[in-house]
Amino acid sequence: MADHLFDAPLFLKKRHYVQELASLEDVFDFLEDWPEDERDTTFEVLEKACRMAAQGIFPLPAIRENVRRFLIKRHMLANIEEVPILARRQSDQNIGS
């Protein structure tokens with residue numbers, strides 16, 4: 001799924017840590033862990049769009065934006081300044097440079 005990497009990762013606030021969403025695979029893992037009793041229409045639409053993106057039907061930048069909006073709506077999007085510097089450096093590394 002290397003071709004399913006976002007241009008820039010998203011960070012979401014968990015109870016005791018910050019989780020990075022850097023790829024479509026990360027989003028699938030996040031959605032899989034979402035509580036079943038909180039899976040509303042917005043969740044279902046996002047999940048369907050992710051499946052379409054995995055098939056190459058839906059553009060990856062649009063998935064990233066929709067995930068960002070999903071996290072904002074649920075007050076889960078972490079401010080980049082809240083993320084420890086080490087985590088930011090590791091995600092900013094470019095392989096092969």
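Across the stretch 1-10, what is the number of residues that are surrounded by fewer than 17 Cβ atoms within 10 Å (Cβ to Cβ) and either part of a strand (DSSP E or B) or touching a residue at least 60 places away in the same chain (Cβ under 8 Å) (or both)?
Of all residues in the stretch 1-10, those surrounded by fewer than 17 Cβ atoms within 10 Å (Cβ to Cβ) come to 1-3, 5, 7-8.
From what is left, the residues that are either part of a strand (DSSP E or B) or touching a residue at least 60 places away in the same chain (Cβ under 8 Å) (or both) are 5, 7-8.
Within the stretch 1-10, residues that are surrounded by fewer than 17 Cβ atoms within 10 Å (Cβ to Cβ) and either part of a strand (DSSP E or B) or touching a residue at least 60 places away in the same chain (Cβ under 8 Å) (or both) number 3.
Working carefully through the options Glu25, Glu20, Glu32, find the one that is among the acidic types (Asp, Glu), in contact with a Ser or Thr (Cβ under 8 Å, 6 or more places away or on another chain) and either without any contact (Cβ under 8 Å) to a residue 40 or more places away in the chain or surrounded by 11 or more Cβ atoms within 10 Å (Cβ to Cβ) (or both).
Values: Glu25 fails: in contact with a Ser or Thr (Cβ under 8 Å, 6 or more places away or on another chain); Glu32 fails: in contact with a Ser or Thr (Cβ under 8 Å, 6 or more places away or on another chain).
After applying the criteria, what remains is Glu20.
The rows are residues; the columns are (1) in a loop (DSSP other than H, G, I, E, B); (2) of a type in the set (Val, Ile, Thr); (3) over 12 Å from the mean Cα position of the chain (by Cα); (4) at pLDDT 95 or above.
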position: Leu12; (1), (2), (3), (4): no, no, no, no
position: His16; (1), (2), (3), (4): yes, no, yes, no
position: Asp26; (1), (2), (3), (4): no, no, no, yes
position: Cys50; (1), (2), (3), (4): no, no, no, yes
position: Phe70; (1), (2), (3), (4): no, no, no, yes
position: Gly96; (1), (2), (3), (4): yes, no, yes, no
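Identify all residues within the stretch 1-46 that are in contact with a strand residue (DSSP E or B) (Cβ under 7 Å, 6 or more places away or on another chain), closer than 12 Å to Phe70 by Cβ and among the aliphatic types (A, V, I, L, M); write none if there are none.
Leu10, Leu12, Leu21, Val27
The values are calculated or read from the model by the stated rules, or taken from the named source; none is laboratory data. Everything numeric here is computed off the predicted structure, so don't read it as measured data. For neighbour counting, all protein chains shown are included, and Cβ atoms are generated from backbone atoms with ideal geometry for every residue, glycine included.
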